[in-house]
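Presented below is the structure to which this report refers.
The values are calculated or read from the model by the stated rules, or taken from the named source; none is laboratory data. Source: prediction; values computed, not measured. Here the Cβ positions follow ideal geometry from the backbone for every residue, glycine too, while neighbour counts run over all protein chains shown.
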Amino acid sequence: MPSNALLDWQNNRMRRLTEVDAQCGSTSSIVPLPDLADENLRGFVVLLSAHFQGFCRGFHSECIQAVAAGVPAPLRFVVQRQCLAAREIDKGNPRYDTLKADFERFGLDLNAALAANPVNALRITHLDHLNSARNYVAHHKAATPSGGPLALADVRTWQSSCNEFAGEQDDIMYNHLRGLLGVAPW
Amino acid sequence: MLAQKTSEIKRGDHVKILHTAGVVGRVVALLGPLGPKGAQVYRVLIQRKPKPAYVEVLGDQLETVSSVP
């Protein structure tokens, strides 16, 4: 059973992103290419990064509540406070290092957990590319990180990797927290 | 400080966090059904020195109060 954060990602965030994707597709097929196509694509990059950050933050919050539910009432506040203190995903982009720092607070080795599926290495690389592109767009930098123009196909690939990575995170944390708590976390 | 339990906690409400040494704060966001069995999670801003802090708690940990001293 997926977490509520993953359900929100799949049923709300992905649906919204698919609509933005369709808008990008329609403007990028116009000849000559209007400036609006480039603006739409830039918007898609930032929205994808923002929605993935939103998912990661919500999912981390759900993990906190699952752990806090397993301790006596007087200690719940302590667990909730400590797990949230200086959480990196609250103020930083959803880079892999950020996710690793935040989720390893729950006592797992995220590298080792992700290594069980060889495809995850490529997903992490795509996440890195997405964050570089996001910074290029958000800070209006002169040159793209790849040296070439932003491409809709690349953003779609990154979205697909974010979606797969979200499902992978959900599985990993479910198994880890179930082992810790002795009950299903969600 | 008048306190009452309520099931209708809203953004902006001043609240006391139960099972703490009188920690009070203000609800700044409703995060959705991220708690056990889909319970609503609230983000609460706690005024404390040297700087304010946030905590995310469940509705059954909160009690609305008329104001935060």
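Structure above, values below:
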| item | result |
| --- | --- |
| Residue list for the stretch A:68-86, restricted to those being under 21 Å from the mean Cα position of the chain (by Cα) and either among the β-branched types (Val, Ile, Thr) or more than 9 Å from every other protein chain (Cβ to nearest Cβ) (or both) | A:ALA86 |
| Flag for A:THR27 being in contact with a Gly (Cβ under 7 Å, 6 or more places away or on another chain), among the polar types (S, T, N, Q) and without any contact (Cβ under 8 Å) to a residue 60 or more places away in the chain | no |
| Lone qualifier among A:ALA101, A:ALA113 - being under 20 Å from A:HIS129 (Cα atoms) and among the aliphatic types (A, V, I, L, M) | A:ALA101 |
| Residue that is nearest to A:THR157 (Cα to Cα) [pool: residues in the stretch A:30-44 that are surrounded by 10 or more Cβ atoms within 10 Å (Cβ to Cβ) and without any contact (Cβ under 8 Å) to a residue 12 or more places away in the chain] | A:GLU39 |
| Some residue of the stretch A:52-65 being away from every other protein chain (no Cβ under 14 Å) and free of Cβ contacts under 8 Å to residues at least 24 places away in the same chain | no |
| Matching helices (runs of 4 or more DSSP H) fully within the stretch A:33-133 where at least 1 residues are at pLDDT below 95, hydrophobic (A, V, I, L, M, F, W, C) and farther than 28 Å from A:LEU17 by Cα | A:73-84 |
| Residue that is nearest to the other protein chains (Cβ to nearest Cβ) [pool: residues in the stretch A:87-117 that are surrounded by fewer than 17 Cβ atoms within 10 Å (Cβ to Cβ) and touching a residue at least 24 places away in the same chain (Cβ under 8 Å)] | A:ASP90 |
